[in-house]
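The values are calculated or read from the model by the stated rules, or taken from the named source; none is laboratory data. Fair warning: this is a prediction, and the values are worked out from it, not measured in the lab. No Cβ is skipped: glycine too gets one built from the backbone with ideal geometry, and neighbour counts run over all protein chains shown. Calculation scope for accessible area: heavy atoms of the full protein, side chains included, ligands and nucleic acids excluded. Shrake-Rupley method; radii C 1.70, N 1.55, O 1.52, S 1.80 Å.
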Amino acid sequence: MTTRWRAAVEKELKGASIDSLVATLPGGLRIDPLYEDRPSPPVPRPFPESSASHAPGPGHVGATGRFRVGALLADTTTMAEMRAWLDAEARGGTEAILVEPEVCADPRFPHLLDSLPPKEVALHASVGASVAAASSFASWAAGRGDEVSTFGLDPIGAYARDGSPEPGQIDWRAIGAFAAEASGRPLLVSAEPYHDAGADPASELAYALSTTAEMLRRLEQPAALVTRRLTWRFAVGRELLAEIAKLRAARVLWRKLSVACHLDDVDPGYLVAVTSSRTLSRRDPWVNALRGTTQAFAAIVAGADVIAVRPYDSALGVPDSQARRLARNTLLVLRHESRLDEVLDPARGAYAIEHLTDRLARSAWDRFRSIERDGGMIARLRTGTVKDELAARWDEWLAGFGDKRFPIIGVTEFPNEAERPLTRALRQTLASSLPDRPCPLPRHRDAAAFERAVTSADGSMEWAKP
């Protein structure tokens, strides 16, 4: 079969090498046109035989790939608008609200959530290093009887994303004490700041591993407690097979780290997946709905516990109600019509995905060990090494966009010359990267370099040619 396949391909290529079909992503990950067998030795299974305890709470049904339909609460507006938004999400099928750092930093948090019907959905906050915010959220939720799955204490991620607090100012003992007393999973390790800065999949995994190792060392709590109180969060990017493999490799690495910590009862881990903000375009933004669908598909197939799709107009500002509804319904259609959540690990046995899972797990573990030899994740961040590594990776991505090895539909490929920019209300400005500081890390968008808008004499806007 393999011989016939190769002969047919070589005939179609008219003398070109079959290696011309190989795709190489930044970071060196190679995607081959044909895989003839499983990796040898076989990659460890990313999922246990039974996942009954894999992801407790609403939205899960025993040993399947069932996930929670999530929605991102990333913008604070008037209380009336917030009430309308939360009501629409609760009535529309949302099972988890992901409260983003910008909202958690609002002085009105957590009362911004007052209009949410109690016990309707799980709550996942991202409070950074603020034990005070986490405690306030816990008290508010307890008074309502709400389930809080993630408080989102992620001090290292907050430093990478916002540049504060400085690592020396983190109260690790208070974070550890809160984690020991709180229910659910109060600790968070988010790889999104690294993804947004240009990381390749293996680097995202390595940074998540090293951040977890830092927390295990610094929290002054038993490793078994920390691992059961921890959530990993990843952005799901543009390359379908690589992103499926990335999330599957995350579970393999979670188990490997747990074994390295001599844990007898290995927690299966808890993964939150959010479609990538880096892949969103402002030009032809409706294509973002297709990008979100592909990324959500990857997250479901890879077995994420909570998945949220970014509305297609998120790169333009505050999403409108139509875009939010479409984001939510993307997951509902993939569940109820495509039935993607009825099988545990549907990618198992697919040679391409098994190989990529194996390669990413091995590469990430090697990079993790290198980070640990250099003093750990905090040391790498403080010296600017992470920033420099990600700048090199981003340059690789940017070169691929420029020469169309990684096309951006509607921007670098098939742009609509007559398109006028879509406008949305501006959102809160996030911290910007500073050249002389190691953090915050930069936030990139793939299409940004090719989306220059110009303002006409009458005040209207149009796109300049790439």
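Worth pointing out:
- From the list 327, 302, 289, the lone residue that is of a type in the set (A, V, I, L, M, F, W, C) and within 22 Å of residue 248 (Cα to Cα) is 302.
- Residues (surrounded by 16 or more Cβ atoms within 10 Å (Cβ to Cβ), without any contact (Cβ under 8 Å) to a residue 12 or more places away in the chain and closer than 24 Å to residue 251 by Cβ) located in the range 359-400: 362
- If only residues of the range 232-241 that are touching a Leu at 6+ places or on another chain (Cβ under 7 Å) and either buried (at least 24 other Cβ atoms within 10 Å of the Cβ) or acidic (Asp, Glu) (or both) are counted, the one that is nearest to residue 407 (Cα to Cα) is 239.
- Among residues that are touching a strand residue (DSSP E or B) at 6+ places or on another chain (Cβ under 8 Å), farther than 22 Å from residue 113 by Cβ and crowded, with 18+ Cβ neighbours inside 10 Å, residue 191 is included.
- Count - residues of the range 99-138 that are part of a helix (DSSP H, G or I), surrounded by 15 or more Cβ atoms within 10 Å (Cβ to Cβ) and not hydroxyl-bearing (Ser, Thr, Tyr): 11
- Test: residue in the range 139-147 that is of a type in the set (Ser, Thr, Tyr), open to solvent by 20 Å² or more (accessible area, probe 1.4 Å) and touching a Phe, Trp or Tyr at 6+ places or on another chain (Cβ under 9 Å): no
- Only residues that are loosely packed, with under 13 Cβ neighbours inside 10 Å and in contact with a strand residue (DSSP E or B) (Cβ under 6 Å, 6 or more places away or on another chain) were counted across the range 25-50, and they come to 1.
- Residues of the range 337-382 classified as of a type in the set (Asp, Glu) and not in a helix (DSSP H, G or I), total: 3
- Filter result (open to solvent by less than 20 Å² (accessible area, probe 1.4 Å) and closer than 16 Å to residue 201 by Cβ) within the range 332-357: 347, 353, 354, 356, 357
- Residue that is modelled with the lowest pLDDT, among those in the range 159-183 that are aliphatic (A, V, I, L, M) and within 21 Å of residue 222 (Cα to Cα): 182
- Yes/no for residue 344 being modelled with pLDDT under 95, under 30 Å from residue 30 (Cβ atoms) and touching a Ser or Thr at 6+ places or on another chain (Cβ under 6 Å): yes
- In this structure, residue 255 does not satisfy being basic (Lys, Arg), buried (at least 24 other Cβ atoms within 10 Å of the Cβ) and in a helix (DSSP H, G or I).
- Beta carbons closer than 6 Å, at least 6 apart along the sequence or on distinct chains, pair a first residue in the range 96-125 that is farther than 18 Å from residue 157 by Cβ with a second that is surrounded by 23 or more Cβ atoms within 10 Å (Cβ to Cβ) and among the polar types (S, T, N, Q) for 121/94; 122/149.
- Pick from the range 165-183, criterion in contact with a strand residue (DSSP E or B) (Cβ under 9 Å, 6 or more places away or on another chain) and free of Cβ contacts under 8 Å to residues at least 40 places away in the same chain, ranking: least open to solvent (accessible area, probe 1.4 Å): 165
- If the condition is being closer than 28 Å to residue 357 by Cα, among the polar types (S, T, N, Q) and open to solvent by less than 30 Å² (accessible area, probe 1.4 Å), then the range 281-331 contributes 288, 295, 330.
- Summed over the range 211-238, residues that are modelled with pLDDT of 95 or more and among the acidic types (Asp, Glu) total 1.
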